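Structure first, then comments.
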Amino acid sequence: MHERKEKLVNPSGRLLARNAILNFIGQAIPLVVGVITIPFIVRGLGTERFGLLSLAWVVLGYFSVFDLGLGRATTKFVAEALGKGEADQVPRLVWTAVTVQAVLGIVGALVLTGITPLLVERILKVPSDLFGEAKTTLRLLALSIPVVLISGSFRGVLEASQRFDLVNAVNIPTSVLTFILPLVGLLFGMNLPGIVTLILLARVWASSSFLVLNLRLMPKLKRYSSSLSLFPRLLSFGGWIAVSSIVAPFLENLDRFIIGFLLSMTAVAHYSAPQEVVMRLRVIVTSLTMTLFPAFSVLEVIRDKKGIEAIFLRSIKYILLILGIIILFINVFAKCILQIWLGTDFALASSSVLQILSLGVLFNSLGYIPATLLQGVARPDLPAKFLLLEVPIRIGTAYVLVKKYNIIGAAWSWTLWAVLDMFLLFVVSVIIYGFSMHAFFSRGIMWTFCFIVVLWWALYELKEWIVLFPQSIQFLISAVILCSFAAFTWRYALDNVDRIKVLKLIKLCRNWRVRD
């Protein structure tokens with residue numbers, strides 16, 4: 001058993017790739033479900049109630065910050081313990097974190113319950129006829145806070161053990177139900193609080209499942225063993241994670257609340273619908289960083305600086321190659337995408353928002369890699385300090401731009417913040433680890449970025465001309481463009497190691513096809 005655990009936490013390239021693919025599948029499936037179901041949810045609830053539901057999703061995610069970063073700290077210290085062969089330390093680490101999180105969750109529930117009237121009646125522009133539903137919805141969300149926090153530590157044990165197959169076995173149905181259950185509730189004539197209740201029951205099931213999987217993976221956890229002496233160690237790391245967890249969601253979702261304060265719930269819906277989808281493109285980078293965090297933690301413990309540099313630079317390149325091309329097509333064809341997905345009204349109101357936010361998401365996603373590196377090597381204070389520095393800048397630009405340019409101003413405010421945060425994270429990561437500019441060029445990173453910019457300009461200039469042709473010709477032109485990008489990628493962006501991995505992947509897919 002001990003040898004098996006050592007193998008599980010070994011951050012080899014093959015294991016990281018496998019887990020990244022599993023995480024991508026686990027997050028892509030809910031994304032597809034969300035794209036399909038959101039139009040029906042909007043029609044069923046109405047624009048204003050959908051605006052409330054979108055805010056409920058934000059609140060449900062935001063109040064997980066009450067765990068003081070203990071979920072992330074659990075992942076790091078369990079990964080280090082397993083990497084050192086000190087598995088006996090795991091039960092005390094886990095149960096100490098869970099105990100503290102249970103207490104913090106109760107505090108968070110009381111806080112949200114107490115400020116609910118203020119949120120509904122004073123801060124948000126909720127129509128008076130929806131006051132009752134809005135208050136009940138937020139109070140129900142308060143009940144979920146302890147469950148969300150506790151599940152974070154149990155999930156962290158699985159992540160530290162690189163068992164992302166088990167993590168996704170729980171996360172996939174839970175995330176899918178977030179979009180399916182509103183439709184089920186509408187089918188049975190439920191109001192918004194009833195729909196939120198269904199979503200909360202799904203969260204309870206997820207937390208229970210993580211607990212059962214933890215007990216099966218590590219039977220020693222069946223015996224409760226906690227120690228408050230471990231709390232300072234967890235808090236010293238998790239405290240800065242908590243700061244990031246508090247500030248980052250606030251900065252990310254600030255626009256929705258400012259729009260709700262200055263404009264209307266309809267404007268919130270026009271902004272949040274494209275934002276919900278484009279933000280979910282980050283599943284590509286989060287699926288990777290979920291595996292990178294415990295890997296960086298282990299590599300730092302064994303002092304493998306070359307391994308850290310190789311993983312860091314390759315991760316940046318892969319994000320540019322995969323996410324960059326997707327963002328490019330969304331940016332160019334935003335109006336057409338929204339018209340097909342949500343109809344003409346949303347396309348007219350939100351296409352510019354989608355274009356601007358898509359660029360912001362690319363920069364924000366690139367910033368995830370250095371942020372994960374800094375947290376994994378025990379410098380979580382730096383990303384947190386940058387976020388604190390950005391708070392007044394973000395609030396000021398968001399307020400001014402929303403007031404002057406409505407939801408388009410909100411999109412520009414978000415994108416400018418993403419660029420600033422990414423720049424700061426990259427600069428400090430390069431300084432700490434001494435990554436040279438030559439390394440960025442030798443790995444094909446800078447060439448990839450330049451080619452994506454050129455391709456975006458070409459597509460933007462050709463867009464009006466391409467739509468004049470029949471769909472078959474449009475498809476052919478798009479295929480030629482993609483093939484050109486693939487050829488460039490193979491020649492200039494990928495090195496020999498990358499090419500070998502691609503060929504192995506193609507061979508593996510062919511073998512699967514033959515077996516089928």
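No value in this document is a laboratory result; all are computed from the given coordinates. Given the structure is predicted, the values throughout are model-derived calculations rather than measurements. All Cβ positions, glycine included, derive from the backbone under ideal geometry; neighbour counts span all protein chains shown.
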- Task: With 32 Å as the limit, write out which pairs from LYS335/LYS404; LYS306/LYS385; LYS76/LYS135; LYS305/LYS385 have Cα-Cα distances beyond it, or answer none.
- Result: LYS76/LYS135
- Message: Using a 7 Å offset from Cα along Cα-Cβ at PHE261, what residues in segment 350-394 end up with backbone N under 19 Å from the label point?
- Response: 388-394
- Item | Volume per residue of the C-alpha convex hull in the chain, rounded to whole Å³ | 163
- Item | Burial ranking of peptide ranges 86-98, 198-210 (average Cβ count within 10 Å, highest at the top) | 86-98, 198-210
- Message: With the crude spin-label approximation of a point 7 Å out along Cα→Cβ, what separation in nm comes out for ILE21 versus ILE500?
- Response: 1.8
- Query: Hey, how many Å between the Cα centroid of segment 86-113 and the Cα centroid of segment 146-215?
  - Reply: 18
- Given only helices, namely DSSP H runs of n ≥ 4 each adding -39500 (n - 2.57), what is the per-residue ellipticity at 222 nm of the chain, to the nearest 500 deg cm²/dmol? -29500 deg cm²/dmol
- Task: Could you grab the relative contact order for segment 2-435? Cα pairs under 8 Å, six or more apart, rounded to a whole percent.
- Result: 22
- Task: Calculate the spin-label point distance for GLU276 paired with ARG139, positioning each point 7 Å from the Cα along the beta-carbon direction, and give it in nanometres.
- Result: 2.5
- Query: To the nearest 20 debye, what is the magnitude of the charge dipole of segment 2-435 about its Cα centre, counting +1 on the Cβ of each Lys and Arg and -1 on the Cβ of each Asp and Glu?
  - Reply: 700
- Item | trypsin sites (Lys or Arg not before Pro) restricted to segment 265-321 and DSSP loop, no more than 12 other C-beta within 10 Å | ARG303
- What fraction, in whole percent, of alpha-carbon pairs in segment 165-261 exceed 23 Å separation? 58
- Subtract the Cα-Cα distance of MET190 and ASP88 from 0.36 nm times their separation in residues, and report this length gain in nm to one decimal. 31.9 nm
